[in-house]
Amino acid sequence: MKNQTLSFLMRRFKEAGFYPHKKLGQNFLIDGNLQHLILDSAQLGPEDVVLEVGTGTGSLTVLMAPLAGRVITVEIDRHLHQLAFEELFGQDNVRMLLLDALKNKNRLNEELLEVIAAELDAVPGSRFKLVANLPYSVATPILSNLLALDTPPHSMTITIQKELADRLVAGPRTKDYGALSIWVQSQCHVEIVRVMAPSVFWPRPKVYSAVVQITLDPARRERIGDRTFFHSFVRSMFFHRRKFLRSELLSAFKGRLGKPEVDEIMARLGVDSTIRAEELTVSEMLALAEAVRTAVGD
């Protein structure tokens, strides 16, 4: 495959009678150096089973195929799927799927999960990785739901909107810190590798993007007593960002925790009654979630 330059894309799309859909977040990376930066960051090897969400024209897929053990690439757009199929024909270790990676915002597609499980079984000693230029519209649920799996990716090397990248690395008492920051940082190390200007994509998005490296930390993940409860708990603590944490707890667990119980938990953990959720560190939120889970019997 030739480099995915602007002229190449425009010619290829014209031949196919295709034009990118803004609704699907179809912005194509046209800087070859950045494609290779993504690959360098992912550090792929023959033991890796790679998931790519958003095949596009297959430009990244074709570069990953010789490096990885297996590549599962998912595309929702039928026209792009066909274009990529023509480019990837003969790549025996690439599994192409025409489907939506998400069943809904809280769950991944069951068919995709079955394929991932089968491919991991087929590669002895395999490691699961996500490497993708993620469509902006699905980036958050893809990341959140992958981390909710019993076997999450060993690493995720992704291109996403810079605004989302800032949320992933944000610390307490900052405007970008929220439920997603805590959910990801409670399990992973996160690093912004490179900020990308709109000019490296076509069509040009209106926002900056970033290459982000997310690496699973099993020791962090083991601190979470119940991942399903913790994920729900953290989101509920940020439903009303400006409310005091005490009020948020009483609202989220109405009928299950009364004021005396909430006050006792907060006092025992040394959490001030006038603090807001955005002021807690990841470790403090973990401790609070576990105390609440124990109190309500979940």
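The values are calculated or read from the model by the stated rules, or taken from the named source; none is laboratory data. None of these values were measured; they are calculated from a predicted model. Every residue, glycine as well, gets a Cβ built from its backbone with ideal geometry; the counts of neighbours run over all protein chains shown.
Looking across the stretch 140-171, the residues that are surrounded by fewer than 22 Cβ atoms within 10 Å (Cβ to Cβ) and assigned to a helix (DSSP H, G or I) come down to Thr140, Pro141, Ser144, Leu146, Leu147, Lys162, Glu163, Leu164, Asp166, Arg167, Val169.
Check the stretch 75-83 and report whether any residue there is touching a residue at least 40 places away in the same chain (Cβ under 8 Å) and under 19 Å from Ile158 (Cα atoms). The answer is yes, given that some residue of the stretch 75-83 is touching a residue at least 40 places away in the same chain (Cβ under 8 Å) and under 19 Å from Ile158 (Cα atoms). So is Val195 assigned to a strand (DSSP E or B) and over 13 Å from the mean Cα position of the chain (by Cα) or not? Answer is yes for this residue.
Exactly one residue out of Arg241, Arg235, Arg220, Arg246 is free of Cβ contacts under 8 Å to residues at least 40 places away in the same chain, surrounded by fewer than 17 Cβ atoms within 10 Å (Cβ to Cβ) and among the basic types (Lys, Arg), and it is Arg220.
Table: residues versus (1) of a type in the set (A, V, I, L, M); (2) within 23 Å of Tyr136 (Cβ to Cβ); (3) touching a Ser or Thr at 6+ places or on another chain (Cβ under 9 Å).
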| site | (1), (2), (3) |
| --- | --- |
| Arg11 | no, no, no |
| Lys14 | no, no, no |
| His36 | no, yes, no |
| Thr55 | no, yes, yes |
| Leu63 | yes, yes, no |
| Gln91 | no, no, yes |
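Within the stretch 249-261, being surrounded by 14 or more Cβ atoms within 10 Å (Cβ to Cβ) and either part of a helix (DSSP H, G or I) or aromatic (Phe, Trp, Tyr) (or both) holds for Leu249, Leu250, Ala252, Phe253, Glu261.
Conditions (1) under 18 Å from Leu97 (Cβ atoms); (2) surrounded by 17 or more Cβ atoms within 10 Å (Cβ to Cβ); (3) at pLDDT below 90, marked per residue:
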site: Ser7; (1), (2), (3): no, no, yes
site: Met10; (1), (2), (3): no, no, yes
site: Tyr19; (1), (2), (3): no, no, yes
site: Gln35; (1), (2), (3): no, yes, no
site: Ala42; (1), (2), (3): no, yes, no
site: Gly45; (1), (2), (3): no, no, no
site: Thr57; (1), (2), (3): yes, yes, no
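Restricting attention to the stretch 241-255, does a residue exist that is modelled with pLDDT under 95 and within 26 Å of Tyr136 (Cα to Cα)? Yes; the residues of the stretch 241-255 include at least one that is modelled with pLDDT under 95 and within 26 Å of Tyr136 (Cα to Cα).
If only residues of the stretch 223-252 that are of a type outside the set (S, T, N, Q) and more than 28 Å from the chain's Cα centre (by Cα) are counted, the one that is nearest to Arg173 (Cα to Cα) is Phe244.
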